[in-house]
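Notes follow the structure.
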Amino acid sequence: MEMDRYRTIMRFLLIVGVLFHGCESDVKCRNDNGDEVDWYILYKLPPMNGLSYAYMDESTNGWVFSRKTINSTSGTLANTLKPLLDFYDRKTEGFGFMLYNDQPANSKYAAPSSFGHSKGVVMLDRQTGVWLSHSTPKFPTYRSRDFWPNSGNVNAQTFICVTYSYDEFKKIGLQLMYIHAYSYDSDIPTTFHNDLRCVAQRSCYPKKEPWFHVTTLTSMEGRNFSTFAKYKRFGDDLYSGLIVNYLEQDLYVKSWGKMRRPLPSNCSTSIPHRVYNVTEVKVPGRKPFSDTVDHSKWCVTSGGGWACIADMNREESQMDRGGGAICTNDVAVGQAFDAMISKYKQCKRERPNSDAQHREL
C-alpha cells in the first residue's frame with residue numbers, strides 16, 4: 001500500500017516536472033556561456049582585429065572582450081540564435097520568427113528603397129522572445145547553421161538583443177511596420193500577433209500621419225527601452241529630425257563612412273541641440289579605427305546619458321527611407337559609448353572641415 005502511494009507520488013512529480021519544463025522558454029538573449037541575459041550589446045570589430053567582438057550586458061559595467069569569434073558556434077550570437085537554427089532542422093511547434101534585412105541573405109540584390117534601411121531578427125514563442133537589431137548585411141545566412149556571412153568580416157558592426165515577454169511583440173510589430181522592414185524569411189503561427197504576421201508578409205506600412213512612432217518597450221527584467229521608428233514619408237534624418245527632439249541633448253552619431261551624400265554635422269537653430277558625426281572610434285585596449293571600416297550605426301548623448309543602437313546612416317537618401325533605433329538611458333552603457341568617440345566632425349561655422357578630438361570624460 002505504501003509502495004503504491006510512493007509510486008503515485010513519483011508519477012505525479014514526474015508529470016509536473018515535464019509540464020514545468022515544457023513551459024520554460026528557450027527563446028532568450030544568451031551570452032557566450034549560453035546563460036540567459038535580459039539584454040546585451042555587441043560591437044564586432046574591424047578586420048584588423050580578426051573576427052573579435054566586444055560585449056556588454058547588465059553585469060559587465062561596460063565593454064569586455066569575448067574569447068570567441070563572432071562566427072563561433074558557441075558564441076553569443078550562436079547561443080541566441082539556437083532556437084532558430086534548431087527550427088531549421090525540426091520545425092518546432094509554437095515557435096515563430098522573422099528575419100529582415102535591406103540586404104537580404106537569399107538575394108544578390110538589395111531590397112527596394114520603399115522598404116526600411118533596417119536589419120534584424122525576431123524570434124518568439126507564447127512566453128518570451130528576442131528582438132535582435134543589428135547593422136550586418138546578409139545576416140543571418142539563409143536557412144543555414146553557418147549563420148555568419150563572410151561578407152560580414154569586412155567591417156565593424158553593432159548588435160543589440162533584448163528579451164521581451166510575448167505581449168511586447170505586438171508593439172514591436174508596430175515599430176517594424178513604421179520602419180517597413182524587408183522580411184526575407186519568416187514562419188509565424190497564425191495564432192500569433194497579427195501585427196507581426198502582417199510585417200512578415202510585407203503587406204503592412206503606415207497609411208496616414210504621423211509618419212513616425214515612438215514607444216517604450218519593457219524587457220523581461222523590467223528595463224525600459226525607448227524605440228524610435230520612422231516611415232519613408234517622414235522625410236527627415238532619423239537623428240536630427242526625430243531622436244534629438246526627444247532626448248533633448250547634443251547627439252554624437254556614428255554611421256557608415258563611405259556614403260555618397262553624407263549629411264554634415266548639424267548645428268542649425270531649427271533643431272534644439274547639435275548633432276555631430278563621429279569619424280573615429282577607439283574601443284578600450286585597441287587602436288582607433290575610422291568610420292570607413294565601421295558599418296555600425298549608433299548614437300550617444302553628450303556625457304553618455306543615453307545610447308542608441310540604430311539602423312540608419314546620416315545620408316541624404318536615407319531621409320526618405322524607413323528606419324529606427326533602440327535606446328537606453330543606462331549610465332554604464334552611455335559612458336561606454338561616449339568614451340569610444342575619438343574624433344567627430346564639428347559644424348562648419350564652428351571649425352570648417354575639421355575633425356575635433358573628443359573631450360575626456
Can you list residue pairs whose Cβ atoms sit under 7 Å apart, with the first residue in segment 176-198 being under 22 Å from Ser107 (Cα atoms) and the second being assigned to a strand (DSSP E or B) and of a type in the set (D, E, K, R)? Count only pairs 6 or more apart in sequence or on different chains.
none
Counting only residues in segment 310-332 that are under 13 Å from Gly116 (Cβ atoms) and of a type in the set (Asp, Glu), the one surrounded by the fewest Cβ atoms within 10 Å (Cβ to Cβ) is identified as Asp320
Would you be able to tell me the number of residues in segment 214-242 that are within 17 Å of the chain's Cα centre (by Cα) and closer than 14 Å to Gly322 by Cα?
7
Scanning segment 299-319 for residues that are under 12 Å from the mean Cα position of the chain (by Cα) and not aliphatic (A, V, I, L, M), which turns out farthest from Lys343 (Cα to Cα)?
Asp311
Those residues of segment 13-51 which are at pLDDT below 95 and aromatic (Phe, Trp, Tyr), in sequence order:
Phe20
Based on this model, can you work out whether Ile70 counts as modelled with pLDDT of 95 or more, of a type in the set (Val, Ile, Thr) and under 20 Å from Val154 (Cβ atoms)?
yes
Look through segment 256-279, keep the residues that are under 21 Å from Asp102 (Cα atoms) and over 24 Å from the mean Cα position of the chain (by Cα), and return whichever of them is surrounded by the most Cβ atoms within 10 Å (Cβ to Cβ).
Arg261
Can you confirm whether Ser66 is more than 25 Å from Arg126 (Cα to Cα) and surrounded by fewer than 17 Cβ atoms within 10 Å (Cβ to Cβ)?
no
Assess whether Lys138 counts as being assigned to a loop (DSSP other than H, G, I, E, B), modelled with pLDDT under 95 and of a type in the set (D, E, K, R).
no
Somewhere in segment 172-187, is a residue surrounded by fewer than 19 Cβ atoms within 10 Å (Cβ to Cβ) and farther than 30 Å from Thr73 by Cβ?
no
Would it be correct to say that Lys287 is farther than 22 Å from His134 by Cα, touching a residue at least 60 places away in the same chain (Cβ under 8 Å) and among the basic types (Lys, Arg)?
yes
Could you tell me whether segment 346-354 includes any residue that is of a type in the set (Gly, Ala, Ser) and either at positive phi or crowded, with 16+ Cβ neighbours inside 10 Å (or both)?
no
Between a residue in segment 57-85 that is without any contact (Cβ under 8 Å) to a residue 40 or more places away in the chain and any residue that is β-branched (Val, Ile, Thr) and in a helix (DSSP H, G or I), which pairs come within a Cβ distance under 6 Å, given they are 6 or more apart or on different chains?
none
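Quick grid of which residues meet (1) charged (D, E, K, R); (2) touching a helix residue (DSSP H, G or I) at 6+ places or on another chain (Cβ under 6 Å); (3) more than 21 Å from Asp146 (Cα to Cα); (4) surrounded by fewer than 18 Cβ atoms within 10 Å (Cβ to Cβ):
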position: Cys29; (1), (2), (3), (4): no, yes, no, no
position: Glu36; (1), (2), (3), (4): yes, no, yes, yes
position: Tyr53; (1), (2), (3), (4): no, no, no, no
position: Glu58; (1), (2), (3), (4): yes, no, yes, yes
Those residues that are buried (at least 21 other Cβ atoms within 10 Å of the Cβ), assigned to a loop (DSSP other than H, G, I, E, B) and of a type in the set (S, T, N, Q), I need them from segment 280-309; list them, please.
Ser296
Residue under question is Thr218, and the condition is that it be touching a residue at least 24 places away in the same chain (Cβ under 8 Å), among the β-branched types (Val, Ile, Thr) and out of contact with any Gly (no Cβ under 9 Å at 6 or more places or on another chain); does it hold?
yes
Only one of Thr60, Thr92 is under 18 Å from Asp38 (Cβ atoms), outside any helix (DSSP H, G or I) and not aromatic (Phe, Trp, Tyr); which?
Thr60
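Residue-by-condition table, conditions (1) outside any loop (DSSP other than H, G, I, E, B); (2) of a type outside the set (S, T, N, Q); (3) at pLDDT below 95:
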| site | (1), (2), (3) |
| --- | --- |
| Phe97 | yes, yes, no |
| Ser107 | no, no, no |
| Arg126 | no, yes, no |
| Trp131 | yes, yes, no |
| Ser144 | no, no, no |
| Phe159 | yes, yes, no |
| Gln175 | yes, no, no |
| Pro189 | no, yes, no |
Quick one: would you say Asp167 is touching a residue at least 60 places away in the same chain (Cβ under 8 Å), of a type outside the set (A, V, I, L, M) and within 19 Å of Val130 (Cβ to Cβ)?
no
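The values are calculated or read from the model by the stated rules, or taken from the named source; none is laboratory data. Since we're looking at a predicted model, the values are computed, not measured. Quick reminder, even Gly has a Cβ in these numbers, built from the backbone with ideal geometry, and neighbours come from all protein chains shown.
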